[in-house]
Amino acid sequence: MKKKFNLRILSTSDIHGTILAKNYADNSLTCSGLSVVSSMVKKERTQSTILLDVGDDLQGNPLMYFHQLNRNKYKNPLVDVFNYLKYDYFIPGNHDFNYGLDYLQDFIGDLNALTLCANILDSNDALLFKNAYDIIEFPNGPKVLIVGVTTQYIPNWENPSYIKDIKFINAFESAKQLVDRFRSEVDLVVVAYHGGFEKDLHTWEKFVEDTGENLGSLMLKEITGIDVLISAHQHRHLSEKINDTLVIQSGSKADSLGVCDIEFNYQDKWVVTKKDNKLLTSTGYPVDEGVVELVKDIEADCQNFLDQKIGNVVSDNLKIDDMFSARLNKHPIVTFINKVQLFYTKAMISGTSLPNDVTGFEKDITIRNVLSTYVYANTLAVLEVNGGILKQILEKNAEYFICAEGKIAVNPRFVYPKVQHYNYDMFDGIDYLIDIDKDFGERIVEIKYQNKPIKADDLFTLTVNNYRASGGGDFAEYKKLKVIRVLPFDITELIIDYIVKNRNLTIKDEKNIKIISENC
């Protein structure tokens, strides 16, 4: 009689510190978070289940920001929750480096889960995280290979001091080498990749730049023998079967759970006879109060921290009610952030973007307002730029807008396959005019500094965050620029410091960016 064995693989990714089902901007309840995913895992877990996470977990939430400021006082709350859910594997993501390698290593050191990453090496060319893969041999069951890889594009974003002496090698080559090596020795191959897809999974047409940031499509096309590809990074909700490979990606902020089911039959060896996958959204699942209990002490202290009043807005309040309008018309909060960056760097020009969703400031400004408006763990760089390259930078930003059906709209490539409104920067210190009726690369029809037209060989100092300064968002122009200095302070800390020192803020509504169109 044939033996049967059923395996279930559960996966999460891009949690970004979302433990509790709440929006820290106003403490309103949500339907996502690990406290909800825990209930999902409990319901979906079987006798033979693997639970893994594919990275970008340590940054992106006020609770995690509070913890990294007080890391000597509290155990990492995410460690307790991961161990409570009984994760088997963790694959680091790019944002997991945002608070420094020591912070990431402390997290990993306290995890019960095994960390896997085949393509990040230390200065001696040894694996930074010790394990590239794992082979599970279930009692009276199949052998399963789990390979972990991380996008090699991290040096293009991260603070250099956080990744000093670390080598990021090609994720595709690393995964292929291990799959080729073990394919004949195991019954199932799983690749867990903190990276996304550079091509459409059905038409195979390119929809993101081929920079090496996302290599999932190449893995599907060129690596023979992957049974399950668990991806991440692009915050997409994917549940596909491409040829004979199950493909899963479970969104972001713990809003869903990937489920892959594999059935084996024994025929002299274990043979996969059926593969299915699905993506479960967290809506409708209850909160696991056990998770809430685990983090209640640090959460209470975090709430007190967030509610600290640090200043007030004298002029009209700096709330953001319409994100599109805030970019189209350059909301005063953008001017304020640029003003802070100029104050601390003494640069001539400053550029910043708005995250995908932000709140702005109330009349009474709290730390909660700041962390809900500038959500990234960025530092500042000061660069030397000439007028010619500055125009190229502005031209790339000008691609954010298009004319659609008689109205100014967002270029779809900033929305799909990954929402990335944060890759549209707005600048202060200069005045410029964007004509969106013109072709890309020819839209900046006027740039002035102190009311004088900028020439191609004019030199300026420009400050932007470290993500952009290293070319993040595919801004290759920044890589050509000389770095004058780097400020080793989190931008949120600079914003808080500026508000505390000035207390009463009057922010002018600087309309130095004009966007025109005769067709819209």
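The values are calculated or read from the model by the stated rules, or taken from the named source; none is laboratory data. Given the structure is predicted, the values throughout are model-derived calculations rather than measurements. Here Cβ is always computed from backbone atoms with ideal geometry, including for glycine, and neighbour counts include all displayed protein chains. Note: areas computed on protein heavy atoms with side chains; ligands, DNA, RNA excluded. Shrake-Rupley method; radii C 1.70, N 1.55, O 1.52, S 1.80 Å.
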Calculate the spin-label point distance for Asn504 paired with Leu29, positioning each point 7 Å from the Cα along the beta-carbon direction, and give it in nanometres.
4.2 nm
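With +1 on the Cβ of every Lys and Arg and -1 on the Cβ of every Asp and Glu, and nothing else charged, how large is the dipole of segment 164-283 about its Cα centre, in debye rounded to the nearest 20?
Values: 15 positive and 20 negative charges, 37 e Å.
Magnitude of the dipole: close to 180 debye.
Restricting to the chain, compute how many DSSP beta bridges are antiparallel as a %, nearest 5.
For the chain, the DSSP antiparallel bridge percentage is about 70.
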Extension gain Ala126-Asp165, at 0.36 nm per residue separation less the Cα-Cα distance, in nm?
12.9 nm
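Counting other C-beta atoms within 10 Å, and keeping those with at most 11, which DSSP coil GluC sites (Glu not before Pro) do you find in segment 327-406? Each step should come with its number before you reach the end.
Working: sites: Glu362, Glu384, Glu395, Glu399, Glu405; in loops: Glu362, Glu399, Glu405.
Of the GluC sites (Glu not before Pro), the ones in loops of segment 327-406 whose Cβ has at most 11 other Cβ atoms within 10 Å are Glu405.
Would you mind getting the Kirkwood hydrodynamic radius of segment 338-411 from its Cα pairs, rounded to one decimal in Å?
Answer for segment 338-411: a Kirkwood hydrodynamic radius of 15.2 Å.
Rounded to the nearest 0.05, what FRET efficiency is calculated for Asp180 and Gln267 with R0 set to 22 Å and r the Cβ-Cβ distance?
0.35
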Throw me the Rg/Rh for segment 311-376, computed over C-alpha atoms with Kirkwood Rh, two decimals.
0.95
Charge dipole (debye, nearest 20) of segment 452-520; +1 at Cβ of Lys and Arg, -1 at Cβ of Asp and Glu:
240 debye
From the P(r) of segment 282-414, can you give the percent of Cα pairs sitting at distances over 20 Å?
63 percent
Can you tell me the FRET efficiency between Lys241 and Asn356 if r is taken as the Cβ-Cβ distance and R0 is 30 Å, rounded to the nearest 0.05?
0.50
Which of Leu505, Leu111, Ala25, positive extreme of dipole for the chain (C-beta unit charges)
Leu505
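Helix-only estimate, please: 222 nm mean residue ellipticity of the chain, summing -39500 (n - 2.57) across DSSP H runs of length 4 or more and dividing by its residues, to the nearest 500. Don't skip to the end; give the middle numbers.
Numbers: 14 runs with 127 residues, N = 520.
Computed mean residue ellipticity for the chain: -7000 deg cm²/dmol.
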What order, most packed first, do the peptides 333-343, 455-465 have when packing is the mean number of other Cβ atoms within 10 Å of each residue?
333-343, 455-465
Extension reserve of the Asp110-Glu442 stretch, reckoned as 0.36 nm per residue once the Cα distance is removed
114.2 nm
When the charge dipole of the chain is computed with +1 at the Cβ of Lys and Arg and -1 at the Cβ of Asp and Glu, the Cα pointing farthest to the positive end, of Val208, Asn338, Cys260, is that of Asn338
Give me P(r) over segment 189-298, computed from all C-alpha to C-alpha distances, binned every 5 Å, as integer percentages.
2, 10, 18, 19, 16, 12, 8, 7, 5, 1, 0
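Just the number, please: Stokes-Einstein D of segment 42-102 in µm²/s, Kirkwood Rh from C-alpha pairs, 20 °C, 1.002 mPa s.
Values: Rh = 13.0 Å.
In µm²/s, the coefficient is 165.
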Output the pairs from Lys4/Lys253; Lys452/Lys480; Lys418/Lys448; Lys448/Lys482; Lys407/Lys511; Lys278/Lys407 with a Cα-Cα distance over 31 Å in this structure; if there are none, say none.
Lys4/Lys253; Lys418/Lys448; Lys278/Lys407
For segment 272-277, just list the computed ³J(HN,Hα) in residue order, Karplus coefficients 6.51, -1.76 and 1.60, θ = phi - 60°, integers in Hz, with x standing in for Gly and Pro.
6, 10, 7, 9, 9, 9
Charges only on Cβ, +1 for Lys and Arg, -1 for Asp and Glu: so what's the dipole of the chain about the Cα centre, in debye to the nearest 20?
140 debye
Please state the shape class of segment 1-47: rounded when a/c is under 1.5, otherwise prolate if a/b exceeds b/c and oblate if not, all from the C-alpha gyration tensor.
prolate
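Could you give the length gained by full extension between Asp307 and Lys86, i.e. 0.36 nm per residue of separation minus their alpha carbon distance, to one decimal place?
Difference between extended and current length: 76.2 nm.
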Ignoring ligands, DNA and RNA, what percent of the 1.4 Å accessible area of segment 341-416 is carbon and sulfur?
56 percent
